[in-house]
Amino acid sequence: MRSLTLFLVVALTPFAVAQTNQFLPAQPDSSTSLPDAPSADAPTTIFPHPERLPYLIAGQANIVFQAHGPFHSPYDGPNSLQDRGEYKTSLVGTLFLGLQLHRNPRYATDVIADFESAGGRGISQALGLAGFTNLDVVRNPNLGSKPYLARIQIHQVIGLPGNLVETDRTPYSLSTQLPERRFELHVGKMSLPDYFDVNSIGSDSHLQFLNWTVDNNGAWDYAADTRGYTYGAVLEYRDRSWSARYALAAMPTVANGIDLDWAFSRASGQNFEFELRRSLLGHLAAPERKGTLRVLSFVNHAHMGLYRDAVNAFLSGQDPKPNIAEHAKFGSVKYGFAINAEQEITSNLRTFLRVGWNEGQHESFAYTEVDQTVAFGGDYSGRAFSRPNDKIGLAFVSNAIKRDHQNYLHYGGLGFLLGDGNLNYAREDILESYYNLHAWRGVFYALNLQFIDHPGYNKDRGPVLVEAVRMHVDF
């Protein structure tokens with residue numbers, strides 16, 4: 001912990017410096033997340049994207065180089081972070097395509113199709129850390145970089161009487177005006193974090209933080225294949241200052257699997273989130289300082305096993321080592337809850353908080369091996385020093401697992417990410433900082449540092465410092 005404290009002091013230094021009447025005019029929307037304010041005369045895409053067109057053609061590329069030096073490790077296992085120095089590079093490219101079938105904002109219809117390629121590898125093949133250091137890395141590196149269809153969906157707006165409000169055009173919603181009170185339906189192939197647990201400070205690994213458990217709530221075991229996508233439906237109701245959304249999505253057939261189980265009667269992920277958009281500081285903050293609070297719950301039904309069953313079978317001599325896959329049962333239920341908050345402090349400083357918990361008895365199945373998590377941090381805009389599209393960020397996350405999960409790893413069991421062959425348990429603590437620099441139009445460069453104490457929850461190993469350089473291009 002002494003080394004963690006020293007790194008915290010170093011990382012903090014730059015941070016401290018650093019409706020009923022369709023003829024009513026459109027009003028500014030109460031955004032789902034706290035808005036950035038890029039300079040009007042500094043384009044942030046290579047090519048212009050006129051909003052008057054009924055279609056969207058855009059793209060992005062993200063290259064991340066990561067490395068770490070040797071660290072203390074008296075032993076390791078098949079799923080350990082390698083204790084010798086190593087470096088790896090990942091590359092993700094995405095082509096976003098969208099077409100507006102109906103442009104009337106009160107019943108707008110979009111067709112969305114995104115193609116993606118994920119190449120390169122993560123350090124230690126993306127193993128050995130619950131809070132892995134690069135969200136771009138596919139958890140099964142053997143899939144290769146062959147392009148695949150990441151998203152294909154229909155987006156339907158059902159407007160209610162009232163004002164029209166200005167909205168930002170995104171790859172998932174092409175309208176620039178929508179009813180203030182409305183339903184929105186997305187059906188098809190998707191990534192659930194596109195709609196749930198969104199946080200404007202800690203959700204974008206291409207321009208913000210890189211760590212899995214900073215950009216998403218680590219305890220939210222959301223339905224997804226190993227690339228992070230699933231098929232399902234999201235229904236959202238949006239009002240002036242609050243929203244509610246529900247999703248039903250397909251679960252993988254096995255933990256971290258690429259194939260989905262299409263029998264929704266026996267396997268599915270259900271998610272519900274309530275969002276309140278108002279300042280969390282009340283009268284302590286200026287009226288224009290926006291805040292958002294989100295409360296998320298999830299219930300997964302899948303072919304999962306219990307850690308305790310696997311450990312008992314090993315201790316009784318039934319299994320030569322703990323293997324949770326041998327004890328999976330259809331109809332198993334895993335559930336959890338999460339809180340996600342963000343708040344503007346000044347015109348340049350924003351903060352966020354995430355807290356997550358799941359029952360932890362059933363195996364980690366789709367996202368990462370976290371049963372409890374607490375993450376907090378913030379970012380500071382370069383507007384303060386005449387760099388409006390630059391950003392400094394700092395975040396701390398502490399992840400934990402329950403006793404049965406600890407015992408499973410202690411006796412030599414392997415999860416889909418973790419397994420040192422032994423475990424002297426401690427919380428996995430991660431401190432991450434970055435500086436993101438806007439170089440020209442849609443080109444950004446970033447320097448990133450992550451300090452990890454007790455990698456893979458193991459007090460016997462680490463700490464480790466992971467350095468990264470990122471290049472991001474928005475076309």
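Brief remarks follow.
- Filtering the range 239-273 to residues that are farther than 24 Å from ALA325 by Cα, out of contact with any Leu (no Cβ under 8 Å at 6 or more places or on another chain) and not acidic (Asp, Glu) leaves ARG240, SER243, ALA244, LEU248.
- Unique residue being of a type in the set (D, E, K, R) and either under 19 Å from the mean Cα position of the chain (by Cα) or at pLDDT below 95 (or both) when the list is ASP404, ASP379: ASP379
- Evaluation of ASN140 against (1) under 18 Å from the mean Cα position of the chain (by Cα); (2) among the polar types (S, T, N, Q); (3) modelled with pLDDT of 95 or more (one fails), failing number: (3)
- Residue match in the range 349-357 (condition: on the phi < 0 side of the Ramachandran plot and assigned to a loop (DSSP other than H, G, I, E, B)): no
For (1) surrounded by fewer than 18 Cβ atoms within 10 Å (Cβ to Cβ); (2) among the basic types (Lys, Arg); (3) more than 26 Å from ASN140 (Cα to Cα), each residue gets a yes or a no:
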site	(1), (2), (3)
GLU342	no, no, yes
ILE345	yes, no, yes
GLU359	yes, no, no
GLU363	no, no, no
TYR367	no, no, no
VAL370	no, no, no
GLY377	no, no, yes
SER381	no, no, yes
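- Residues being of a type in the set (Phe, Trp, Tyr) and part of a strand (DSSP E or B) - total across the range 375-408: 3
- Applying the condition of being assigned to a loop (DSSP other than H, G, I, E, B) and either among the acidic types (Asp, Glu) or modelled with pLDDT under 95 (or both) to the range 210-225 and asking which residue is farthest from VAL64 (Cα to Cα) yields ASP221.
- Of all residues in the range 109-151 being charged (D, E, K, R) and part of a loop (DSSP other than H, G, I, E, B), the one that is nearest to VAL370 (Cα to Cα): ARG139
Quick grid of which residues meet (1) touching a helix residue (DSSP H, G or I) at 6+ places or on another chain (Cβ under 8 Å); (2) assigned to a helix (DSSP H, G or I); (3) over 15 Å from ALA247 (Cα atoms):
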| residue | (1), (2), (3) |
| --- | --- |
| TRP262 | no, no, yes |
| GLY269 | yes, no, no |
| PHE272 | no, no, no |
| SER279 | no, no, yes |
| ARG289 | no, no, yes |
| VAL299 | no, no, no |
| VAL311 | yes, yes, yes |
| PHE314 | no, yes, yes |
| PRO322 | yes, no, yes |
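- Condition check for LEU414: among the hydrophobic types (A, V, I, L, M, F, W, C), over 18 Å from the mean Cα position of the chain (by Cα) and either within 23 Å of PHE352 (Cβ to Cβ) or in a loop (DSSP other than H, G, I, E, B) (or both): yes
- Scanning the range 89-130 for residues being under 22 Å from LEU164 (Cβ atoms), charged (D, E, K, R) and buried (at least 21 other Cβ atoms within 10 Å of the Cβ) gives a total of 1.
- Qualifying residues in the range 197-234 (those that are of a type in the set (Phe, Trp, Tyr) and closer than 30 Å to LEU437 by Cβ) - the one surrounded by the fewest Cβ atoms within 10 Å (Cβ to Cβ): TRP212
- Against the criterion of being among the polar types (S, T, N, Q) and over 24 Å from LEU449 (Cα atoms), GLN372 does not qualify.
- Scanning the range 150-173 for residues that are over 16 Å from GLU184 (Cβ atoms) and out of contact with any strand residue (DSSP E or B) (no Cβ under 6 Å at 6 or more places or on another chain) yields a count of 1.
The values are calculated or read from the model by the stated rules, or taken from the named source; none is laboratory data. Here the structure is a predicted model, which means the values were calculated and not measured. Backbone-built Cβ (ideal geometry, glycine too); neighbour counts: all protein chains shown.
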